Amino acid sequence: MILTEIDHVAIAVHDLEAAIAYYEEAFGAEVHHREIVESDGVEEALVKVADSYIQLTTATRSDSPIAKYLEKRGEGLHHIGYRVDDCQAALEAMVAAGATPIDQSPRPGSRGTTVAFMHPKGSFGTLIELVQE
Ligand code: CO
């Protein structure tokens, strides 16, 4: 088994501040990490749950993939991050199993991680992000 943890569950939201306030009020949650990933056009707020995260995500510009997703599908579950020890090896294993990579090779993600996204088509309808810490 090459998955070591559910790294994060990513939820796309229109208003990041409102989503954070809601998680604080409903769950007593604290934001563990916040980051703007300019290359992806997203701003993230990470709430730690045990050794995993809930990643509240919004768009920073109208042409980012998250902006397009929000426009088309509305708010909600966007992708799941699976933690692995070796992103490249995991990517190759997924491709060998029939997955369609969005990233042909691993690239920098938030929190200093190395990531690769795999298309929902070929992965039973779920956008998967491989995350190596
Ligand atoms: Co993610």
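Values quoted throughout were computed directly from the atomic coordinates according to the rules given, and no laboratory measurement underlies them. Predicted model only: the values in this text are computed from it and were never measured. Methodologically, a virtual Cβ is constructed for each residue, glycine included, from the backbone with ideal geometry; neighbour enumeration extends over all protein chains shown.
Pairs needed: first member in the stretch 4-16, over 18 Å from CYS87 (Cα atoms); second member anywhere, assigned to a loop (DSSP other than H, G, I, E, B); C-beta distance under 9 Å; at least 6 residues apart or different chains.
ALA10/LEU127; ILE11/GLU75; ALA12/GLY74; ALA12/GLU75; VAL13/GLU75; HIS14/GLY74; HIS14/GLU75
Step by step: first the residues of the stretch 75-85, then only those that are away from the ligand (no atom under 12 Å from the Cβ) and either surrounded by 17 or more Cβ atoms within 10 Å (Cβ to Cβ) or of a type in the set (Asp, Glu) (or both), then the one that is farthest from HIS14 (Cα to Cα). Which residue is that?
This residue is ASP85.
In the stretch 86-133, which residues are charged (D, E, K, R), closer than 24 Å to GLU35 by Cβ and surrounded by fewer than 19 Cβ atoms within 10 Å (Cβ to Cβ)? Steps first, please.
From the stretch 86-133, those charged (D, E, K, R) are 86, 92, 103, 107, 111, 121, 129, 133; that's our starting set.
When the remaining residues are screened for being closer than 24 Å to GLU35 by Cβ, the result is 86, 103, 107, 111, 129, 133.
Result: ASP86, ASP103, ARG107, ARG111, GLU133.
Quickly run through the stretch 5-30 and pick out the residues that are over 13 Å from the mean Cα position of the chain (by Cα), within 16 Å of the ligand (Cβ to nearest atom) and more than 22 Å from LEU70 (Cα to Cα).
GLU5
What's the total number of residues in the stretch 18-44 that are among the hydrophobic types (A, V, I, L, M, F, W, C) and assigned to a strand (DSSP E or B)?
Residues flagged as among the hydrophobic types (A, V, I, L, M, F, W, C) and assigned to a strand (DSSP E or B) within the stretch 18-44 amount to 4.
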